[in-house]
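The values are calculated or read from the model by the stated rules, or taken from the named source; none is laboratory data. Since the structure is predicted, the reported quantities are computational estimates derived from the model, not experimental observations. Cβ: placed from backbone, ideal geometry, glycine included. Neighbour counts: every protein chain shown. For the accessible areas, the whole protein counts, side chains as well, though only heavy atoms, and no ligand, DNA or RNA atoms are used. Shrake-Rupley method; radii C 1.70, N 1.55, O 1.52, S 1.80 Å.
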Amino acid sequence: MDGTLINSEWLHYQVLAGQCRREGFVWSEKDNESIKGATMDSKWKHLNERHAFSRSREAWLEEFNREYRSRLTPDLGLAPQVEVVRTLHSMQIPMACVSNGEAEVVNANLEVLGIDNCFQTVVASCDCPRGKPWPDPY
């Protein structure tokens, strides 16, 4: 999903940096490299261990998901790859979408790209015990 069908890494960073700013510390692009592509659980643990957020993981994640969805736009889609998905779907080739993202965000990404009906299976971080780089999601 992220980086394959949609260029969302920058949006993830922007939302996370905003949350950190509101918590009173700076989260730089360099800092972000250490958690890029990680599950939200891993991101939470990493950030909370270093900066002790003032709210719960659940409140933090709810805020992140809400802000991410509000800033999500179709132009973040990677058009050639999205077109391949549409073509394969029209050929009735079964496909699965696998992401380290939260189901709510993965589904929002697919919906904004207009390909939410193209996958027979969508696997998000909540669907397996360990996310990437472990092979469990696949």
Problem set entry | Rounded Å value of the spacing that divides the Cα centres of region 83-135 and region 18-62 | 25 Å
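If the chain between ARG86 and TYR138 were fully stretched, how many nm would it gain, using 0.36 nm times the residue separation less the Cα-Cα distance?
That works out to 16.6 nm of additional length.
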Problem set entry | Amide H contacts under 5 Å for CYS97, placed H, 5+ residues apart | THR121, VAL122, VAL123
Exercise. Cα to Cα, under 12 Å, and not fewer than 8 places away if on the same chain: which aspartates and glutamates meet these conditions relative to LYS36?
Worked result: ASP2, GLU9
Seminar exercise, completed: Rounded to whole Å², per residue accessible area for region 1-132 with a 1.4 Å probe reads 54 Å²
Seminar exercise, completed: Ranking MET91, PRO80, GLY131 by how far each Cα lies towards the positive end of the charge dipole of region 5-138 (+1 on Lys and Arg Cβ, -1 on Asp and Glu Cβ), the top one is GLY131
For this session: Using +1 at the Cβ of each Lys and Arg and -1 at the Cβ of each Asp and Glu in the chain, identify which of SER56, ASN109, ASN7 lies farthest towards the dipole's positive end.
Result: SER56
For this session: Report the net charge of residues surrounding ASN65, where surrounding means a beta-carbon distance below 10 angstrom and charges are Lys +1, Arg +1, Asp -1, Glu -1.
Result: -3
Problem set entry | Rotationally averaged projected area of region 56-104 (alpha carbon convex hull; nm²) | 4.4 nm²
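Considering Cα pairs under 8 angstrom that are at least six residues apart, work out the relative contact order of region 1-54 and quote it in whole percent. Kindly include the intermediate steps, with their values, before the conclusion.
On the way: 22 pairs, mean separation 14.7, N = 54.
Contact order relative to length: 27 percent.
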For this session: Convert each backbone phi in region 75-80 into a coupling constant with the Karplus relation 6.51 cos²θ - 1.76 cosθ + 1.60 (shift: θ = phi - 60°), then list the ³J(HN,Hα) values in order as whole Hz, x for Gly and Pro.
Result: 5, 6, x, 8, 3, x
For this session: Starting from the amide H of GLY77, placed 1.01 Å from N in the peptide plane, find each other amide H under 5 Å away whose residue is 5 or more places distant or on another chain.
Result: ASN7
Exercise. What percentage of the solvent-accessible surface of the chain, computed with a 1.4 Å probe over protein heavy atoms, is contributed by carbon and sulfur atoms?
Worked result: 51 percent
Problem set entry | Relative contact order (%) - criterion: Cα under 8 Å, at least six apart; region: the chain | 27 percent
For this session: Can you give me the three principal axis dimensions of the chain from its C-alpha atoms, in Å, biggest first?
Result: 50, 31, 25
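Quick one: putting +1 on the C-beta of Lys and Arg, -1 on the C-beta of Asp and Glu, what dipole do you get for the chain around its Cα centre, in Debye to the nearest 20?
Using Cβ point charges on Lys, Arg, Asp and Glu, the chain gives about 260 debye.
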For this session: List, in order, the whole-Hz ³J(HN,Hα) value for each residue of region 18-27 obtained from phi through the Karplus relation with A = 6.51, B = -1.76, C = 1.60 and θ = phi - 60°; use x for Gly and Pro.
Result: x, 4, 5, 4, 5, 8, x, 9, 8, 10
